[in-house]
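Worksheet: one structure, shown below.
The values are calculated or read from the model by the stated rules, or taken from the named source; none is laboratory data. As the structure is a computational prediction, the values presented were derived from the model and not from experiment. Methodologically, a virtual Cβ is constructed for each residue, glycine included, from the backbone with ideal geometry; neighbour enumeration extends over all protein chains shown. Note: areas computed on protein heavy atoms with side chains; ligands, DNA, RNA excluded. Shrake-Rupley method; radii C 1.70, N 1.55, O 1.52, S 1.80 Å.
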Amino acid sequence: MSNSRHAAKVYWLGSIGQIAIVCACCFALKISKTTYPQILDTIFLIVGGMSSALWGIIVSLKFKLRKSLAEILKDFFNLRKSPWGYLAVIGFIILIYGVQIFRGRVNENVYWYTYFILLLQTIVFGGIEEIGWRYTWQPLIEEKHSFAVACTATFASWALWHYMYFYITDSLFGIDHLSFLIGLLGSCFILGAIYKISKSLWLCVFYHCLLNVLSQTLQPVGLLPIVVCNSIAIMISILVVKKID
């Protein structure tokens with residue numbers, strides 16, 4: 001087995017395995033109707049939610065993809081990137097959420113400062129996932145497969161990870177599953193393209209954070225705009241990546 005394939009396997013088994021163990025613990029407690037301290041819910045949330053980032057760090061260091069934890073943290077917070085990278089992030093965000101943004105379709109009880117609070121919050125609960133999926137795992141997959149195949153593989157694994165996370169947070173039944181999966185597939189291609197053209201972990205984190213903030217503050221649109229916008233985003237991502245390869 002090649003080094004990249006072995007590294008990819010270790011990452012997948014580690015990140016998915018860790019959150020699956022947390023899910024199994026939650027299921028066992030629920031099915032047995034065991035009374036437990038509420039702090040345990042927070043521990044489950046942290047241990048499960050940090051799995052992708054944790055195993056991204058472990059694999060990056062174990063297989064010498066990065067020199068040190070300091071290098072990973074530097075890449076995570078490296079805001080000094082080309083304006084073209086930021087324009088790509090904003091362009092994709094407008095493509096995905098432009099309808100709601102320009103129509104001003106905002107949820108109730110959302111104020112101007114809500115966006116800043118959520119942006120900081122989503123760096124930890126959302127953006128940090130990029131250490132695993134885009135910074136570590138997908139580049140390993142792309143060493144053996146095409147960009148489109150790598151994005152699709154990331155989508156399948158990321159969707160599985162998300163559904164286990166939703167189970168832990170008891171939010172599984174409050175999701176529009178079809179819209180979520182279509183948006184997740186589009187995000188895999190967008191984030192894959194952003195990392196491919198910029199080699200920037202921070203830009204992926206930034207896009208992921210904006211995505212989470214807007215999904216929590218803007219009113220949903222119908223299925224058709226979601227399908228159309230994400231389809232266009234996928235095609236643009238593939239074309240951009242083909243141009244630089």
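Tabulated data for the structure shown
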item: Helices (runs of 4 or more DSSP H) contained in the stretch 1-101 and holding at least 2 residues open to solvent by 40 Å² or more (accessible area, probe 1.4 Å) and touching a residue at least 40 places away in the same chain (Cβ under 8 Å); result: 3-32, 51-62
item: Some residue of the stretch 186-194 being touching an Asp or Glu at 6+ places or on another chain (Cβ under 9 Å), of a type outside the set (Val, Ile, Thr) and within 27 Å of VAL22 (Cβ to Cβ); result: yes
item: Helices (runs of 4 or more DSSP H) enclosed by the stretch 121-231 - at least 2 residues per element that are within 26 Å of VAL106 (Cβ to Cβ); result: 147-168, 177-198, 201-217
item: Test result for LEU185, touching a Phe, Trp or Tyr at 6+ places or on another chain (Cβ under 8 Å), open to solvent by 40 Å² or more (accessible area, probe 1.4 Å) and of a type in the set (A, V, I, L, M, F, W, C); result: yes
item: Lone qualifier among VAL124, VAL106 - being more than 18 Å from the chain's Cα centre (by Cα), open to solvent by 30 Å² or more (accessible area, probe 1.4 Å) and hydrophobic (A, V, I, L, M, F, W, C); result: VAL106
item: Residue selected from the stretch 103-116 under the condition assigned to a helix (DSSP H, G or I) and modelled with pLDDT under 85, by the criterion nearest to THR217 (Cα to Cα); result: TRP112
item: Filter result for the condition that a residue is closer than 27 Å to PHE44 by Cβ, open to solvent by 40 Å² or more (accessible area, probe 1.4 Å) and among the hydroxyl-bearing types (Ser, Thr, Tyr), over THR217, THR169; result: THR169
item: Test for ALA153: is it open to solvent by 30 Å² or more (accessible area, probe 1.4 Å) and either under 13 Å from the mean Cα position of the chain (by Cα) or within 25 Å of HIS6 (Cα to Cα) (or both); result: yes
item: Search result, residues across the stretch 123-136 that are among the hydroxyl-bearing types (Ser, Thr, Tyr) and within 14 Å of LEU203 (Cα to Cα); result: TYR135
item: Boolean, ILE194 is of a type in the set (A, V, I, L, M) and open to solvent by 30 Å² or more (accessible area, probe 1.4 Å); result: no
item: Some residue of the stretch 166-179 being in contact with a Cys (Cβ under 9 Å, 6 or more places away or on another chain), modelled with pLDDT of 95 or more and closer than 26 Å to TYR86 by Cβ; result: no
item: Extreme residue, nearest to the chain's Cα centre (by Cα), among residues of the stretch 129-150 that are under 9 Å from ALA8 (Cβ atoms) and open to solvent by 20 Å² or more (accessible area, probe 1.4 Å); result: ILE141
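Conditions tested, residue by residue: (1) closer than 21 Å to TRP161 by Cβ; (2) among the β-branched types (Val, Ile, Thr).
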{"site": "THR42", "(1), (2)": "yes, yes"}
{"site": "MET50", "(1), (2)": "yes, no"}
{"site": "ALA53", "(1), (2)": "yes, no"}
{"site": "SER60", "(1), (2)": "yes, no"}
{"site": "LYS67", "(1), (2)": "no, no"}
{"site": "SER82", "(1), (2)": "no, no"}
{"site": "PHE92", "(1), (2)": "no, no"}
